[in-house]
Amino acid sequence: MVLAQSAPKKTTAVDPKQAIEDEVRAVESKRVAFLTTGRIDSVAAILSDDLTHTHAGGATQTKEELLAPLRSGEVGYQSMKHEDVQVRSYGDAVMMRGYTNVNVTAKGVPAAIRIRFTTIYAKEKGQWKMVVWQSTRADAVK
C-alpha cells in the first residue's frame, strides 16, 4: 500500500501595513458609493465628528456643514471616480492621495471636475473615520 503525501501548505504572511491600507481603501470605496447614491447617514457614519473638509475652491467645512446641503438636496454627487491612489499607513492614521473625477450638482448647476485630493483616516473607537479631506482643482493635470 502506497500513501500519497500531500505537499506542505504554504502560508502567506500578511503584511500588517498592507492589511491596514486595504481596510482604509475599502472604507473610502464605501464612502464614495454612499455619497453617489444619496445615502448621507451612511456617509456621516464614516466621517469623524472632528472632520475638516476643504473643497477644491478653498471653502472649509465641519462635518455638519458638509452634510447639511447633502441632506437638503442642495448638493448631490452623481459620480466620483478615484485614480492613481496611493495609501500610506502610520499606525492608527492612514493618508490617502490621488485624483478623482467628480460629477456634482450644486444649487441646480451640474459640474464635472477633476481634483487632486489628500485625505486622512484615523482609528476612532475601533473604526476608521475620515478626519481630513483636502482637494485642489486639477482639471488640466492627467
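The values are calculated or read from the model by the stated rules, or taken from the named source; none is laboratory data. Bear in mind the structure is a predicted one, so any value in this text is a computation, not a measurement. When we count neighbours, we look across all protein chains shown, and the Cβ atoms used for this are built from the backbone with ideal geometry, even at glycine.
Values computed for the structure shown
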read-out	value
Residues within the stretch 14-50 that are outside any helix (DSSP H, G or I) and hydrophobic (A, V, I, L, M, F, W, C), tallied	2
Checking ALA56 against (1) modelled with pLDDT of 95 or more; (2) buried (at least 17 other Cβ atoms within 10 Å of the Cβ); (3) not in a helix (DSSP H, G or I), the condition it does not meet	(1)
The stretch 37-88, residues that are among the aliphatic types (A, V, I, L, M), under 15 Å from ILE115 (Cβ atoms) and under 14 Å from the mean Cα position of the chain (by Cα)	MET80, VAL85
Verdict on ASP15 being over 27 Å from ALA138 (Cβ atoms), charged (D, E, K, R) and at pLDDT 95 or above	no
Filter result for THR100 (within 21 Å of THR136 (Cα to Cα), in contact with a Phe, Trp or Tyr (Cβ under 7 Å, 6 or more places away or on another chain) and of a type in the set (S, T, N, Q))	yes
Per-region count, the stretch 67-100, residues farther than 15 Å from THR36 by Cβ, assigned to a strand (DSSP E or B) and not aromatic (Phe, Trp, Tyr)	13
